[in-house]
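Shown next, in structure tokens, is the structure this report addresses.
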Amino acid sequence: MRYISLYIYHFVYFLMVGAATFLPKFYGEIGMTDGQIGYLTSVPTLVALAFSPMLGSLADRVSKKRYLLSFLLLMMAAACFLAGRCGHFLALLAAISFYTIFYTSAQPLSTTISLEYTREIGKPYGPIRLLGTVGYQAGALLVGAVLSQSLGSLYPLMGAILVVAFGITFTMPNVEGHQHSRAKIPLTTLFADRHVRWLYLMIFLASISTQFYMSFYTKHLGDLGMSNAVVSWITLLSVIAELPFLYFADRIARRTNIWNWLLIGMAANGIRWLGLAFSRNALPIILFQIPGVTVLACFEFFPSLYLNRRVPVEQSGAAQNTLSLTIFGAGKIVGSLIGGQICERTGIPALMAFNGAALLVCCAILWIPTRKLIQRETVLKIS
């Protein structure tokens, strides 16, 4: 039952994540400018930065990690119901900031619980995360079907889903915090490993363009004249390639090293952004979304597995939380805040094209340093 509950939890939680992809379009519906959307998607993350290190360390110190996850989900649900009642920009910004404080730690915490438990019982993690992708797709379809005319009830819908996820946490595995009742390890020791530092740096550079895309792509599709229903189907088809990948992901991860995967992800997404920048119809948009599987694979899934193996178990929660903070925190602040201000002058397609070119250049520059990291890890394995 504990193992099955991880599948159920990921499906339900990612219903909310799929629904949340419509938030930029919702902000556009209520009259927010691109610059204001940039603030709404980045300033809350900046606020969350002050709390995330504490919550990440707490994940390794609580007696049972699922108790902390329950608390985070409950706070997120309360914030969603509050945001649904906010019509003024500043009030909405405050409610979203409160939500984001807990959101940035909830997903990495559930990842930590799942990775540790599956390693303990000898089961793969990929199929569990696969059901999360199915939930993501279902969440996008749910919004397209239920809120096809207006997204006004989007935040209350997200809050209701989070309440269900909160209930499921009480059936999840009792994974302990490995620093509970033991000597506390400072968070700074996590960064003593040069390879871990490089991992976070490369993911940060790659995440800037991804977070700009996540903050503006549904609004961009709306600007092209596409309805909520059409956007939901594009979102569904855009992530369909994740399903077979996640089923075999644990085996795929062993075929090469993390550094090659990071470079592959950068190159694939550079091409993706350039293609989306010049696409105006649904079919080419869907085709250029196919490389989007590399975002999950190269910048979330494989790094999670890598950190789970390389980092001491006493800092597993902090490591996964820092990974999430790098992607959805630092990357979002730069991609959404600065991107929102720039695209008010250039437009979304122009900045997306720039992001694609910049990512390809970044990939070429990082080629040599990653070769050295691969050689060093190979020597360590042999010795």
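The values are calculated or read from the model by the stated rules, or taken from the named source; none is laboratory data. All values reported here derive from a predicted model rather than from experimental measurement. Note: ideal-geometry Cβ built from the backbone for every residue, glycine included; neighbour counts use all protein chains shown. Ligands, DNA and RNA are excluded from the accessible area calculation, which covers all protein heavy atoms including side chains. Shrake-Rupley method; radii C 1.70, N 1.55, O 1.52, S 1.80 Å.
Residues in the stretch 1-25 that are touching a residue at least 12 places away in the same chain (Cβ under 8 Å) and β-branched (Val, Ile, Thr): Ile8, Val12, Val17, Thr21. Listed by first and then second residue, the pairs with beta-carbon distance under 9 Å, at least 6 apart or on different chains, first residue in the stretch 244-263 and over 17 Å from Arg119 (Cβ atoms) and of a type outside the set (Ser, Thr, Tyr), second modelled with pLDDT under 80 and loosely packed, with under 13 Cβ neighbours inside 10 Å, are Asn257/Thr378. In the stretch 312-324, the residues that are farther than 16 Å from Tyr200 by Cβ and open to solvent by 10 Å² or more (accessible area, probe 1.4 Å) reach residues that are at pLDDT below 80 and outside any helix (DSSP H, G or I) with C-beta atoms within less than 7 angstrom, at least six apart or across chains, in these pairs: Val313/His178; Glu314/Asp60; Glu314/His178; Glu314/Gln179; Glu314/Ile185.
For the stretch 235-266, the tally of residues that are among the hydrophobic types (A, V, I, L, M, F, W, C), within 19 Å of the chain's Cα centre (by Cα) and not in a loop (DSSP other than H, G, I, E, B) stands at 12. Identification of helices (runs of 4 or more DSSP H) wholly contained in the stretch 323-383 with 2 or more residues that are among the basic types (Lys, Arg) yields 367-382. For the stretch 186-204, the set of residues classified as free of Cβ contacts under 8 Å to residues at least 24 places away in the same chain and in a helix (DSSP H, G or I) consists of Thr188, Phe191, Ala192, Arg194, Arg197, Leu201, listed by residue number.
Suppose we keep only residues that are open to solvent by 40 Å² or more (accessible area, probe 1.4 Å) and either under 13 Å from Phe26 (Cα atoms) or in contact with a His (Cβ under 8 Å, 6 or more places away or on another chain) (or both) within the stretch 218-229. Which one would you say is modelled with the highest pLDDT? So the residue we want is Asp223.
Screening Leu151, Leu141, Leu130 for residues that are more than 30 Å from Leu307 (Cα to Cα) and touching an Asp or Glu at 6+ places or on another chain (Cβ under 8 Å) leaves exactly one candidate, Leu151. Screening Ser207, Ser215, Ser279, Ser232 for residues that are assigned to a loop (DSSP other than H, G, I, E, B) and open to solvent by less than 40 Å² (accessible area, probe 1.4 Å) leaves exactly one candidate, Ser279. Evaluating Asn174 against the criteria (1) open to solvent by 10 Å² or more (accessible area, probe 1.4 Å); (2) within 19 Å of Glu242 (Cβ to Cβ) leaves one unmet condition, (2). Are any of the residues in the stretch 118-130 of a type in the set (Gly, Ala, Ser), touching a Gly at 6+ places or on another chain (Cβ under 7 Å) and either at negative phi or crowded, with 19+ Cβ neighbours inside 10 Å (or both)? No, there is no match, as no residue in the stretch 118-130 is of a type in the set (Gly, Ala, Ser), touching a Gly at 6+ places or on another chain (Cβ under 7 Å) and either at negative phi or crowded, with 19+ Cβ neighbours inside 10 Å (or both). Just checking, does the stretch 182-190 include any residue being in contact with a Pro (Cβ under 8 Å, 6 or more places away or on another chain) and either open to solvent by less than 50 Å² (accessible area, probe 1.4 Å) or closer than 30 Å to Trp367 by Cα (or both)? Yes, that holds for at least one residue. With a requirement of 2 or more residues that are without any contact (Cβ under 8 Å) to a residue 12 or more places away in the chain and under 26 Å from Gly222 (Cβ atoms), the helices (runs of 4 or more DSSP H) lying completely within the stretch 84-172 that satisfy it span 89-121. A Cβ distance below 7 Å, combined with a sequence gap of six or more or placement on separate chains, defines the contacts here; from the stretch 205-218, residues that are in contact (Cβ under 8 Å) with a residue 60 or more places away in the chain reach residues that are assigned to a helix (DSSP H, G or I) and basic (Lys, Arg) in the pairs Gln211/Lys332; Thr218/Lys25. Look at Phe71 and say whether it is more than 18 Å from Phe51 (Cα to Cα), modelled with pLDDT of 90 or more and open to solvent by 20 Å² or more (accessible area, probe 1.4 Å). No, not satisfied.
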